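Reading through the structure tokens given below for one structure.
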Amino acid sequence: MTDPQLFLTERVQQALAAAFGPEFSDADPLIRPSQFADYQANVAMSLTKRLGRKNPREVAQEIAERLTGAASPGAAKVSGPDFPGTVEVSGPGFLNITLDDAWIAGQATDVLADPHTGVVMTDSPQTVVVDYSAPNAAKEMHVGHLRTTIVGDALVRVHEHVGNKVVRQNHLGDWGTPFGMLIEHLLDIGEEAAVAQLEAGEGNEYYQAARVKFDSDPEFNKRARARVVTLQAEEPETMRLWHIFMNATVRYFNKVYTRLGVTLTDDDIAGESMYNAALPQVCDELQERGIAVISDGALCVFPPGFTGREDQPLPFMIRKSDGGYGYATTDMATIRYRVQDLKADRIIYVIGATQALHMSMLFASARMAGWLPEHVRAEHVQIGSVLGSDGKMFKTRSGKSIKLLELLDEADVRAAAVIAEREYDDAARAEIAHAVGMGAVKYADLSVSHDSEYVFDFDRMLALTGNTGPYLQYATARIRSIFRKGGVGPSQAAGPVVLRHPAERALALRLLGFGAAVAETAEDSAPHRLAAFLFDTASAFTTFYENCPVLRADVEEETRASRLALCGLTLRVLETGLDLLGVPVPERM
């Protein structure tokens, strides 16, 4: 089976080599879907100047002739089987390409028989480390953590699906000076009361109560500062109390992860505390090698290309002037560990867009140190903000951050209202409502570019029409209903596919792009592209469903078998794609 865009890219590149020489075989043909044909290639205009020509239509005509074998006798032609379609030159030099129905049908039949549904498994698996979610253990897990959690989880699912080795890293904020006052507050209110409050997700209230005492009570302040010293020294009793605090906090985080259906577990926790013992060594090594220098009492790296006011070099502070460590220190230790110990080929940081400068300086500093070799790909998947209907940061009316678990509770309630008229028992209704609610929240986020802001709107998210999670879920439920009524299982629909209606053709052609959509999502860390593909697929199926009866008595057996095959392939593509995004798919809706 072949993805049409990849197939056409290869054929046009072969035509370029045949027409103009092998040095042109690597030119990008710029193959894009077109409203005038199946695809359009725009390469002729970009090549005209390079060829020293003046007329891009003439260049396009030469390419078209090589593609279709219509070149003059003796001219070089594209090797291989005949081109399965037609090519027309239009406008200033566009190549409008229409593929043969038989070729599309044959490829769709092959994809149906492929256990990977057209997704190409990598023959050179990479170790991909993905840093995502990473809530601060000293604070509440709020809606701001939603995007880093579900975007990261979609990426790990996609990379595992194509055959890479994925290492999840939940880099919790679980260390540092605030824990002095947090541990002392735990002692004041008692271990049992502290655990109950933290497990209930009242981390903000806990932190604020500790902070008030730290700011107003000199004795508490003194105790908290002394506790920081014993924490940094890893004194046994302090560590016992720290573990009590952290275990209760993680149990709450796990409630959120379970509700969201993300794949993080306790084994994936790699918080700041993990690197505490390595921080002095990081500083010493950087200083000894002259990579970090003392500046105004602080130890800093000055990576080239970063300047501040008056074009002064911008420091990446590794150790503060008071001897304390910061995020930069821990992050340098982290990236060294991920390369040297985890053997990462690629490191993906799913972190807020506001950290762009910090991440750029981290990568540059780590490369200076040799801890991030050129063969290791490090990238910052920038996460935009979630906004309210007023266009400002999404908060409660009182201005407080919305707790993530409360938001998910509301999603379940609202989803239950959407399916209220369906005839299900209470257990089935609750299960479907949860799937619809979580699917709506997650898809709304994943369907927009991760670096864009978006407005959180339950009414839009839960709509059964438009580019929403419930619309895609409903499409899968509708297909399952067809198979139930037909008395066959989706796996029994083997085709072959034959195309006799434009809606059949459009759906089959769309389905051939699934493998490319998955590959592009993995390569570019862009879940919204897979989401867009799935929405287009569901839309194509809706048109097919409305125009091409499957089970009606007057439908010929061959046509019925073909349409069932298209239904089965659509179901598999939608279910697989939604699972890669982490969107649950209920059996019925």
Query - Those residues of region 482-511 which are surrounded by 18 or more Cβ atoms within 10 Å (Cβ to Cβ) and part of a helix (DSSP H, G or I), in sequence order - result: 482, 483, 490, 503, 504, 505, 506, 507, 508, 509, 510, 511
Requested in this report: Residue by residue through region 1-21, note down the ones that are at pLDDT 90 or above and outside any helix (DSSP H, G or I).
Outcome: 21
Query raised in the report: Quick one: which of 319, 251 is in contact with an Asp or Glu (Cβ under 8 Å, 6 or more places away or on another chain), closer than 23 Å to residue 178 by Cα and not β-branched (Val, Ile, Thr)?
Result: 251
Query raised in the report: Only one residue in 440, 417, 444 is out of contact with any Ser or Thr (no Cβ under 8 Å at 6 or more places or on another chain) and aliphatic (A, V, I, L, M), so which one is that?
Result: 417
Query raised in the report: Restricting attention to region 295-321, which residues are on the phi < 0 side of the Ramachandran plot and outside any loop (DSSP other than H, G, I, E, B)?
Result: 295, 298, 299, 300, 301, 307, 309, 313, 316, 317, 318, 319
Requested in this report: Answer yes or no as to whether residue 118 is in a loop (DSSP other than H, G, I, E, B) and crowded, with 23+ Cβ neighbours inside 10 Å.
Outcome: yes
Report summary line: Counting only helices (runs of 4 or more DSSP H) wholly inside region 335-448, the ones holding at least 1 residues that are modelled with pLDDT under 95 and more than 25 Å from residue 287 (Cβ to Cβ) are 404-418, 426-446
Query raised in the report: Only one residue in 138, 134 is closer than 25 Å to residue 354 by Cβ, in contact with a Pro (Cβ under 7 Å, 6 or more places away or on another chain), touching a residue at least 60 places away in the same chain (Cβ under 8 Å) and not hydroxyl-bearing (Ser, Thr, Tyr). Which one?
Result: 138
Query raised in the report: Limited to region 436-486, what total is found for residues that are basic (Lys, Arg) and free of Cβ contacts under 8 Å to residues at least 24 places away in the same chain?
Result: 2
Query raised in the report: If you check every pair at least six apart or on different chains, which have Cβ atoms under 6 Å apart with a residue in region 527-552 that is farther than 16 Å from residue 572 by Cβ first and a residue that is not in a helix (DSSP H, G or I) second?
Result: 528/447; 528/448; 528/449; 531/447; 535/467; 548/501; 549/555
Query raised in the report: When both residues are 6+ apart or on different chains and their Cβ atoms are under 7 Å apart, which pairs have a first residue that lies in region 396-424 and is surrounded by 12 or more Cβ atoms within 10 Å (Cβ to Cβ), and a second that is part of a helix (DSSP H, G or I) and modelled with pLDDT under 85?
Result: 401/144
Query raised in the report: Do we have any residue at all in region 458-471 that's under 30 Å from residue 355 (Cα atoms) and surrounded by fewer than 16 Cβ atoms within 10 Å (Cβ to Cβ)?
Result: yes
Query - All positions within region 32-63 that are outside any loop (DSSP other than H, G, I, E, B), without any contact (Cβ under 8 Å) to a residue 40 or more places away in the chain and not basic (Lys, Arg) - result: 33, 46, 47, 51, 56, 58, 59, 60, 61
**Report entry** Subset of region 191-211 [more than 16 Å from residue 178 (Cα to Cα) and either among the charged types (D, E, K, R) or touching a strand residue (DSSP E or B) at 6+ places or on another chain (Cβ under 8 Å) (or both)]
**Finding:** 191, 192, 199, 201, 202
Report task. Please work out if residue 148 is assigned to a helix (DSSP H, G or I), more than 30 Å from residue 507 (Cα to Cα) and not charged (D, E, K, R). Result -> yes
Requested in this report: Report, by residue number, each residue of region 151-172 that is part of a loop (DSSP other than H, G, I, E, B) and out of contact with any Gly (no Cβ under 9 Å at 6 or more places or on another chain).
Outcome: 162, 163, 164
Query raised in the report: Has region 514-528 got any residue that is closer than 20 Å to residue 561 by Cα, out of contact with any Leu (no Cβ under 6 Å at 6 or more places or on another chain) and part of a helix (DSSP H, G or I)?
Result: no
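The values are calculated or read from the model by the stated rules, or taken from the named source; none is laboratory data. Note that the structure is a prediction, hence the values are computed from the model and not measured. In this analysis, Cβ positions are derived from the backbone assuming ideal geometry, glycine residues included, and neighbour counts consider all displayed protein chains.
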